[in-house]
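Everything on this sheet refers to the single structure shown next.
The values are calculated or read from the model by the stated rules, or taken from the named source; none is laboratory data. Treat the numbers as computed from the prediction; the structure is a model and nothing was measured. Note: ideal-geometry Cβ built from the backbone for every residue, glycine included; neighbour counts use all protein chains shown. All accessible areas refer to the heavy atoms of the entire protein, side chains included, with ligands and DNA or RNA removed. Shrake-Rupley method; radii C 1.70, N 1.55, O 1.52, S 1.80 Å.
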Amino acid sequence: MSRATSKLTSVFGLAAVVLTTVGFAAAANAAPAADYEMPFPCGQSWTGTTRANHSPSVRSVDWNRLDDLGDPVVAAAAGTVEVAESGGSGYGRWVMLDHGNGETTIYAHLSSLAVSAGQTVDQGALLGTVGESGNATGPHLHFEERLNRSDISAWFHGTAFTYGSTLTSQNCVDVPTAGNFVGGPEAEPVVFRRATTATFQVLREGRDPKVYNFGTSTDQPVVGDWDGNGRFNPGVRTPETRTFQLRTPEGVTSIVFGAVKDIPIAGDWDGDGHWEIGVRRSDSNVFRLRAANGKTGSIPLGDVNDLPVTGDWDGDGVTDLGVYDVATSTFTLRKVDDGLVWTSQVRFGSAGDLPVVGDWDGNGITDLGVWDPSTATFSERRAKTPTAARATVRTLQFGTPRPGS
C-alpha cells in the first residue's frame, strides 16, 4: 500500500485499498446521455475511490470527506425514484433514480431517506444523508452510474471521472418559480439558484434581476405573499428539519410542518390576502394545507410522480390546487364551485420541462407555464382562464441552462 493510500484509508476510515493499478480507464466508456453532476451540494469537495474487489463493480465510487456522517446527498440528475429502501440488503438504506434511456444512478449506505418510490425529483434535490447502513465499514456514500442495469465508469460535468481524485461539486442548478415580487399586477419569472448561500433571482425586464440571498443549496424554494401587502417574498423549506422559513421586510418566520419527504407548497387558502403554507405528500398523493391558526386539512389529488402547483384558476381570490405530470406534460387543475369539485386537464410543455405558474397578464387569474432546463426558457401560456382552448404563448430565457440537458 502506498503512503498516499494509507493516508486516505486512515482519514476516511475505509477498509478498502484505493484503486491505483486495476486495468481499466474511465475514459474508455462513452459519456452517458444524462449530464451527471456530483451527488453533493454545490461547492462541496469530495474524494471518490474504488478498489479491485469493489461490489458490485470496480466502476462504483465510494465518496468521502472528513466528518461526512449525516452530510446531504443530492440527485446527480433529474429522474424518478425507482427504489427508496430502508434496509434489508448490503446497500442498507439506498435510493435508485431512473433517468430514462436505460440510465440509472444508485446512492447507498445512507443514514436517512428524503424521498419515496415513484416520486419525481429534480437535479440537486435532497435524497438523503451519508451513512454507514448495510455492509459499510464506515461512513461514506456508495455511488453507481448504470446503463441497462450494468455499471459504467463515472462521469461528472461532462468529464470522465479519475478514480482516487478529489472534485468540487458543480451541482449548482437553477429551479424555476414565479411571483409578483416587483409590485405590478403581473407575475415575474424567478429562479432559485442552488449554492452554499442560495439566491432568488427575480426577472426585471430591461434591468438587472432583483436578488434575494436566502436559503442553502439543499433547501426547497417556496414563494408567497406572507404579510398580505400584495407583493411576494421568498421562502424555503429545509427537508431534514421540516422547517419553513418565510422572509418579509419585518423578519423571518419559522414554521415546522409536514414530513421530511414532503414537497412544499403555498397559497392563500382562505382568500384573506395572506398566503399560508402546505405540503404535498407523494407517497399518498395528498395535499396538506395549514391555516394561519395552525389547523390543517387534507385533499387528495394526482399520482405519485406528479409535481404540485398552486394558483387561483378562477379568479375568486382563493388559491386552488393542481399537479403536473412530467411524463405527459399535463396539468390537472382542481377547482371548487358552489361546493362541487371539478378537475380539468391541460397539456402544455415538453418532456423534461418543469412546471411554473403565475398571473402572466395581470388579470387576477393564474396562468400555466413551464421552464426548459436545457435552455433556461420560460414558456408562459396566456389565456382568459388556464383551461381555455385559445391561448398565446410568450417565451423568454432566464436563468442558467443546465449543461447537457
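Quick notes
- Residue ID - nearest to the chain's Cα centre (by Cα), chosen from residues in the range 263-303 that are under 21 Å from residue 121 (Cβ atoms) and of a type in the set (Val, Ile, Thr): 263
- Positions within the range 337-363 being touching a Gly at 6+ places or on another chain (Cβ under 8 Å) and open to solvent by 40 Å² or more (accessible area, probe 1.4 Å), in sequence order: 363
- Residues of the range 337-364 that are assigned to a strand (DSSP E or B) and within 15 Å of residue 176 (Cα to Cα): 354, 355, 358.
Quick grid of which residues meet (1) open to solvent by 20 Å² or more (accessible area, probe 1.4 Å); (2) over 29 Å from residue 235 (Cα atoms); (3) at pLDDT 95 or above; (4) within 21 Å of the chain's Cα centre (by Cα):
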| position | (1), (2), (3), (4) |
| --- | --- |
| 145 | no, yes, yes, yes |
| 153 | no, yes, yes, no |
| 170 | yes, no, yes, yes |
| 177 | yes, no, yes, yes |
| 200 | no, no, yes, yes |
| 209 | yes, no, yes, no |
| 212 | yes, no, yes, yes |
| 218 | no, no, yes, yes |
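- Given (1) open to solvent by 40 Å² or more (accessible area, probe 1.4 Å); (2) of a type in the set (A, V, I, L, M); (3) modelled with pLDDT under 50, index of the condition residue 14 fails: (1)
- Any hit, the range 141-150, residues being touching a Phe, Trp or Tyr at 6+ places or on another chain (Cβ under 6 Å) and in a loop (DSSP other than H, G, I, E, B): no
- All of 399, 369 fail the test of being in contact (Cβ under 8 Å) with a residue 24 or more places away in the chain and touching a Gly at 6+ places or on another chain (Cβ under 9 Å), apart from 369.
- Elements of type strands (runs of 3 or more DSSP E) contained in the range 242-336, each with 2 or more residues being buried (at least 17 other Cβ atoms within 10 Å of the Cβ) and of a type outside the set (A, V, I, L, M, F, W, C): 243-248, 263-267, 276-281, 286-290, 307-311, 320-325
- Residue count, the range 28-43 (criterion: out of contact with any strand residue (DSSP E or B) (no Cβ under 7 Å at 6 or more places or on another chain), part of a loop (DSSP other than H, G, I, E, B) and either in contact (Cβ under 8 Å) with a residue 60 or more places away in the chain or crowded, with 23+ Cβ neighbours inside 10 Å (or both)): 2
- Residues of the range 92-108 satisfying the condition of being open to solvent by 40 Å² or more (accessible area, probe 1.4 Å) and outside any strand (DSSP E or B): 101
- Residue within the range 187-205 that is touching a Leu at 6+ places or on another chain (Cβ under 9 Å), β-branched (Val, Ile, Thr) and in contact (Cβ under 8 Å) with a residue 24 or more places away in the chain present: yes
- In the set 175, 182, only one residue is under 17 Å from residue 201 (Cβ atoms), assigned to a loop (DSSP other than H, G, I, E, B) and touching a Lys or Arg at 6+ places or on another chain (Cβ under 8 Å); that residue is 182.
- In the range 58-81, the condition of being open to solvent by 30 Å² or more (accessible area, probe 1.4 Å), touching a residue at least 24 places away in the same chain (Cβ under 8 Å) and within 22 Å of residue 305 (Cα to Cα) is met by at least one residue.
- Checking residue 370 against (1) open to solvent by 30 Å² or more (accessible area, probe 1.4 Å); (2) farther than 23 Å from residue 271 by Cβ; (3) touching a strand residue (DSSP E or B) at 6+ places or on another chain (Cβ under 8 Å), the condition it does not meet: (1)
- Of all the residues in the range 185-196, those that are within 16 Å of the chain's Cα centre (by Cα) and either outside any strand (DSSP E or B) or not charged (D, E, K, R) (or both) number 6.
- Residue check, residue 4 at pLDDT below 95, surrounded by fewer than 17 Cβ atoms within 10 Å (Cβ to Cβ) and not in a loop (DSSP other than H, G, I, E, B): yes
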